[in-house]
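What follows is a short report on a single structure.
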Amino acid sequence: MTAKRKLTDKSSSPSAQPAIKHKRTCQQPKSTNDTLTEEEYLKLKTYLKEKKKILKTFPRILLNARGHLSQLNESGFSECPLLPTDLNELILYSIYGPGKYVPKWSSLEMQCNLNQTCILIIDGCEVKTKEDLSNFNSSLPMFSKYKFLPPIEVELPPSWCSDNDTDTTTSITDDIASESTLIEKENVEKKEICSRTRLLMSLNQMMIHNYPLPTNKRQFTMDGFRFTKSHYLPVTDDSPMFAIDCEMCYTSIGRNELTRVSIVNEQLDVIYESFVKPSNKITNYLTVYSGITASKLKNVKTTLADVQEDIIKLLTPDSILIGQSLNCDLDALKLFHPYIIDTSVIFNLNGNKGSKSKLKLLAKHFLDMNIQCGNLGHDSIEDSRATMLLVQLKLCKSLTYGDAYLIGQKRLAEFVNKKTKINVKHIETFKKFLALLQSVSESSAKGKVHLKKNLMAAYDNIFSTSKLSIEEHSTNKLVLESVCKSMEDTTNRFCMAHMQLKNKNNLDLVNRWCEKYWAAMSSFALCAVLFTGCGVEGKNSVCLLNVKQPPLNNLLDKF
């Protein structure tokens, strides 16, 4: 009994109670400060639900299995680099949307909400080894800061290779001579303005393009032909220009004859317009091309001889005639004239000397004019105005503007003379990537491209249009400032900058460039940053992709 009493006494003593060991669990009670009230919980739940709903509308890039194979591994290489066309598909998909272009290596969700597509190309970086990749990643923290996708390898070489490049490099002199001489030395003052006398066709060109000439070989076909003047004066930069366009119908003699002629002056005013009754019976009005119908010629009494007389009185001895393939018009008019500017000759879009682009294409590409639309045929007034505008545009630019053939000849001459060191193979490969600019210009998107002058070799066949403007700058700083200004204008749907790094080790400078570029972009903008000169022998590029997302501050303010 004593022992039992002692045990009872011991158990009843508070100080003598044995310690209870609690098991540690994850469901420990929270302190009062961490506990949410029911109202706070519902508010947080609503916020997260609203945030998830908003994030679903944000555009983003997702890589599929093919895209993951193109990502750089720890050694600085990928299993399967992308082709330039693969990258183009994503960029063009961001502009055009579903349908024409579909990337096979990635998906771009909510493309419809994108505001801009921005590309930054930097030549001169080198990521060839594991150490280079490590240095690349550590020196460019902005890409991890803004959560860019891991670097992707693209089979895209540098666009330019030059040993002695400085920020003061000037553009190549914009002077091409006649067919007998490729390059002429010109005064610097004339570099930016093209003289109208330099656009005149030579006698050799007129023979090649089958212009009517008073030669013995064609004498048997020259019946009824007249000279526009009995004597001519030398052409100067003050000589007047007149654009002519004619419409013809097929007649019983088995050839086309004149049925309408229009002439406009340099102010685009119509100074002569007349329907013409051909001397032979019309068998085909060719309305879909000529716009001529039987009703339009019903009461016409003007003959070819009348038109010839009117034009002879109208023109001055030093007049310059402008037209698209004007040889056909002069054949129909049966007129000889020595001073001709042919828009089908001075503009060349594909670099093939013997190829001619249609006036409809030239007007759309350079003037953003839609002409020759519908089934009612051509309008000779509209066409003559388009040719006048094209010539005036070229006079304000340069002799090589809009002429891929002359530009190619100029680059070839410079390469042979070793004025600059150009890696032709790299340039041709890089041009495959730049083909996207042609596709961009064909879209409804407005765009701006800014680049250093010494990088122009790859852009030879690409010309500024009313929608896509290409601008050269002397330094990287000017390129960056200009493209940032362009991106701030939200009407520019496409913006691109092409810069060159002189010192491959100066990646801190590159990081500052990229930070400034990223800051200037609008929200919901697709950003692609390309570093060329990477991979084995520096033949490939590294691409980093991201879509700039807006902050959720406005959402937080609601809660």
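The values are calculated or read from the model by the stated rules, or taken from the named source; none is laboratory data. Small disclaimer: the values here were computed from a predicted structure and weren't measured. All Cβ positions, glycine included, derive from the backbone under ideal geometry; neighbour counts span all protein chains shown. Each accessible area value is taken on the protein alone, full model and side chains, heavy atoms only, with ligands, DNA and RNA left out. Shrake-Rupley method; radii C 1.70, N 1.55, O 1.52, S 1.80 Å.
Observations on the structure shown:
- Residue check for Lys364: assigned to a loop (DSSP other than H, G, I, E, B), charged (D, E, K, R) and free of Cβ contacts under 8 Å to residues at least 60 places away in the same chain: no
- Filter result for Ala520 (open to solvent by less than 10 Å² (accessible area, probe 1.4 Å) and at pLDDT 90 or above): no
- Pick from segment 70-125, criterion of a type in the set (Phe, Trp, Tyr) and more than 14 Å from Pro151 (Cβ to Cβ), ranking: least open to solvent (accessible area, probe 1.4 Å): Trp105
- For segment 29-52, the set of residues classified as assigned to a helix (DSSP H, G or I), at pLDDT below 75 and open to solvent by 80 Å² or more (accessible area, probe 1.4 Å) consists of Thr32, Asn33, Asp34, listed by residue number.
- Any hit, segment 226-243, residues being β-branched (Val, Ile, Thr), part of a strand (DSSP E or B) and crowded, with 17+ Cβ neighbours inside 10 Å: no
- For segment 56-87, a residue qualifies if it is of a type in the set (S, T, N, Q) and modelled with pLDDT of 90 or more, and the qualifying residues are Asn64, Ser70, Gln71.
- Qualifying positions in segment 256-311 - of a type in the set (A, V, I, L, M) and within 22 Å of Lys229 (Cα to Cα): Leu258, Val261, Ile263, Val264, Val270, Ile271, Val276, Leu304, Ala305, Val307, Ile311
- Annotation: of all residues in segment 118-162 being of a type in the set (D, E, K, R) and modelled with pLDDT under 85, the one that is nearest to the chain's Cα centre (by Cα) is Glu126.
- Residue in segment 523-530 that is modelled with pLDDT under 90 and farther than 26 Å from His68 by Cβ present: yes
- Candidates are the residues of segment 449-489 that are open to solvent by 10 Å² or more (accessible area, probe 1.4 Å) and of a type in the set (Val, Ile, Thr); the one that is nearest to Arg512 (Cα to Cα) is Thr475.
- Within the set Ile61, Ile122, Ile95, the sole residue that is touching a strand residue (DSSP E or B) at 6+ places or on another chain (Cβ under 7 Å), under 25 Å from Asp489 (Cβ atoms), in a helix (DSSP H, G or I) and not basic (Lys, Arg) turns out to be Ile95.
Yes/no matrix, rows are residues, columns are (1) outside the structural domain of Gln438 (by the TED database); (2) in a helix (DSSP H, G or I); (3) more than 29 Å from Asn280 (Cβ to Cβ); (4) of a type in the set (Phe, Trp, Tyr):
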site	(1), (2), (3), (4)
Lys301	yes, no, no, no
Asp331	yes, yes, no, no
Ser357	yes, no, yes, no
Leu376	yes, no, no, no
Met388	yes, yes, yes, no
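- Test result for Asp331, touching a Pro at 6+ places or on another chain (Cβ under 7 Å) and surrounded by 14 or more Cβ atoms within 10 Å (Cβ to Cβ): yes
- Test: residue in segment 236-257 that is out of contact with any strand residue (DSSP E or B) (no Cβ under 9 Å at 6 or more places or on another chain) and β-branched (Val, Ile, Thr): yes
- Test: Met496 is open to solvent by less than 60 Å² (accessible area, probe 1.4 Å), touching a His at 6+ places or on another chain (Cβ under 8 Å) and of a type outside the set (Val, Ile, Thr): yes
- Residue within segment 460-472 that is aliphatic (A, V, I, L, M) and either more than 29 Å from Thr400 (Cα to Cα) or part of a loop (DSSP other than H, G, I, E, B) (or both) present: yes
- Options Ser274, Ser355, Ser295; residue that is more than 20 Å from His378 (Cβ to Cβ), without any contact (Cβ under 8 Å) to a residue 60 or more places away in the chain and either surrounded by fewer than 22 Cβ atoms within 10 Å (Cβ to Cβ) or more than 33 Å from the chain's Cα centre (by Cα) (or both): Ser355
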